[in-house]
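Reading through the structure tokens given below for one structure.
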Amino acid sequence: MKQAKTVWAYTLFGHDDGSYMLGEETHEPEHQSGEWRFGVAGRPHPATCPACGVKVDALYIGPEYRVKKRRRDITATYDGYILVSERLRRVLQEGGAANEDFIALPADPDFYWLRPQKTLEYSAAERAKRCPACGQFFDEVAPIPLFAGKLFEPIAAGVYRSSIEFGSAPLKAFQVVIGLRAALAIKANSLVGIDLAEVLGG
């Protein structure tokens, strides 16, 4: 008889908002057919690496950005920002999130960027094309939650982010992990747009 696996924590997801925090201006870099970057030719977006297009300004927020899918309590931009409503912010705080885990959007007071301060160790099953300018990888896919193999008990409370971002430049994003108390608080409320995935261990 197989032993039931332990739920160590939950990964929190939001559906695509259909928008980009870094804006709609994009271009195809010279001699790199099939790739694209934020900004315009000869003037890359100031939050990105001019060489590879990966976001290097970790705290950048578009000064005029507003959420499109406003009926949701959580939504995600294509370029990796998890945005939450005031209602979900309060629920996550009940589950142990800190005030510092939420960054106000300057042009949209109804939503916050969920950027947890605490990190959990992750790796990527596949990495490719390390940039000599910024040191980041162009591709990092298939997240591996290394932290789960080092726990002695489930994560009870709090909100965390993965130690690295996943995806392909310029669309990379960290994963958000929440403790069991935060997951229970979410399930006890009628919130819109939320997906939770179990982080399992032996």
Quick one: which of R72, R90 is loosely packed, with under 15 Cβ neighbours inside 10 Å and either at pLDDT below 95 or over 16 Å from the mean Cα position of the chain (by Cα) (or both)? R90
For region 153-170, state whether one or more residues are at pLDDT below 95 and basic (K, R). no
Neighbours by Cβ (under 7 Å, 6+ apart or cross-chain): first from region 27-55, at positive phi; second among the aromatic types (F, W, Y) and outside any loop (DSSP other than H, G, I, E, B): G53/F38
Examine region 180-188 for a residue that is outside any helix (DSSP H, G or I), open to solvent by less than 70 Å² (accessible area, probe 1.4 Å) and at pLDDT 95 or above, and state whether such a residue exists. no
S19: over 30 Å from A156 (Cβ atoms) and of a type in the set (S, T, N, Q), yes or no? yes
With respect to Y60, determine if the residue is open to solvent by 20 Å² or more (accessible area, probe 1.4 Å), at pLDDT 95 or above, of a type in the set (F, W, Y) and out of contact with any His (no Cβ under 6 Å at 6 or more places or on another chain). yes
Residues of region 4-40 being crowded, with 20+ Cβ neighbours inside 10 Å and farther than 14 Å from K55 by Cα, in sequence order, are W8, A9, Y10, L12, G14, D17, S19
Cβ pairs under 7 Å, 6+ apart or interchain, first in region 190-202 and within 9 Å of L12 (Cα to Cα), second among the charged types (D, E, K, R), ordered by first then second residue, are I194/D73
Single residue of region 41-57 satisfying the filter (more than 17 Å from the chain's Cα centre (by Cα) and within 14 Å of T26 (Cβ to Cβ)) that is surrounded by the fewest Cβ atoms within 10 Å (Cβ to Cβ): G42
Considering only residues that are within 14 Å of V54 (Cα to Cα), open to solvent by 50 Å² or more (accessible area, probe 1.4 Å) and free of Cβ contacts under 8 Å to residues at least 12 places away in the same chain, which ones fall in region 130-159? R130
Could you check I103 against (1) open to solvent by 20 Å² or more (accessible area, probe 1.4 Å); (2) touching a Lys or Arg at 6+ places or on another chain (Cβ under 8 Å); (3) modelled with pLDDT under 95 and say which number it fails? (3)
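The values are calculated or read from the model by the stated rules, or taken from the named source; none is laboratory data. What you see is a predicted model, and the numbers here were worked out from it, not measured in a lab. We place every Cβ from the backbone using ideal geometry, glycine too, and count neighbours over all the protein chains shown. Quick note on the areas: whole protein, heavy atoms, side chains included, nothing else; ligands and nucleic acids left out. Shrake-Rupley method; radii C 1.70, N 1.55, O 1.52, S 1.80 Å.
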